[in-house]
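Working notes, beginning with the structure itself.
The values are calculated or read from the model by the stated rules, or taken from the named source; none is laboratory data. As the structure is a prediction and not an experimental result, all values here were calculated from the model. No Cβ is skipped: glycine too gets one built from the backbone with ideal geometry, and neighbour counts run over all protein chains shown. What goes into the accessible areas is simple: the full protein's heavy atoms, side chains included, and nothing from ligands, DNA or RNA. Shrake-Rupley method; radii C 1.70, N 1.55, O 1.52, S 1.80 Å.
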Amino acid sequence: MTCCAANPLKTSQLMGDFPSYRIQPAPTFAYTGVDFAGPFLIKSHTASRRPLITKAYVCLFVCMLTRAIYLELVSDLTTSAFLAALRRFTSRRGLPCKMFSYNATNFVGAQNELEELARLFKDQQQARKISEYCTGQGIEWSFIPPRSPHFGGIWEAGVKQVKHHLTRIVGGYKLSYEEFYTTLTLQR
């Protein structure tokens with residue numbers, strides 16, 4: 001009888017196949033994942049001695065094929081702010097074929113800042129506005145399954161990179177909306 005400890009069977013991990021949109025050649029941002037990063041504190045008025053500090057968010061659009069990241073600054077987590085960011089994105093980068101984002105149940109019980117985003121995707125009226133805009137433009141929208149954040153690993157890695165680099169560049173300074181937007185659009 002052969003001892004299993006002395007002569008173990010070699011095993012190999014079974015890996016799942018990539019989805020077709022991750023390996024098929026396509027234009028950049030044809031398949032796009034979207035997520036929000038933040039909040040970031042910005043100055044609302046630069047003229048006064050004591051400017052009002054408000055929150056701003058960064059909307060990340062991540063190409064699912066090339067992992068290219070496109071950043072848009074939004075003032076809040078409302079549907080209208082997101083649709084404005086989506087319009088700016090599509091006017092500069094073209095219409096994506098399919099977009100991916102979190103399912104609203106992923107944000108249940110999350111931090112207070114993420115609750116606003118959860119309500120955005122959870123609210124049927126807001127979701128209807130987004131889907132109407134997307135279907136009118138010919139964009140297919142797909143939510144990842146509930147409670148499976150590993151499906152959004154590409155855009156979560158993008159959020160981590162953006163936060164890391166913004167912390168290094170901006171530090172503790174409070175920038176105005178225009179200064180922060182300029183910082184996001186600089187290419188080096």
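What to note about this one:
- In region 6-48, the alpha-carbon atoms span a convex hull of 202 Å³ per residue.
- Residue order for R22, R49, R93, R67 - accessible surface, 1.4 angstrom probe, largest first: R49, R67, R93, R22
- Equivalent-ellipsoid semi-axes for region 24-82 (Cα gyration tensor, √(5λ), whole Å, largest first): 32, 10, 8.
- Computed extension gain for S148 through A6, at 0.36 nm per residue and net of the alpha carbon distance, reaches 47.2 nm.
- Sites H164 and R92 - FRET efficiency at Förster radius 22 Å, r taken between beta-carbons, to 0.05: 0.35
- Between R49 and T78, the simple label model (points 7 Å from Cα in the Cβ direction) yields a spacing of 3.3 nm.
- Apolar share of the accessible surface for region 129-187: 55 percent from carbon plus sulfur atoms, 1.4 Å probe.
- 20 Å Cα-Cα threshold exceeded, pairs from K43/K163; K98/K129; K55/K174; K55/K129: K55/K129
- Share of pairwise Cα separations in region 130-173, more than 11 Å, in percent: 73 percent
- Taking label points 7 Å from Cα along the Cα-to-Cβ direction, T28 and Y181 give a separation of 2.2 nm.
- Note on exposure: K98, K55 ranked by accessible area (1.4 Å probe, complete protein assembly) read K55, K98, with the most exposed listed first.
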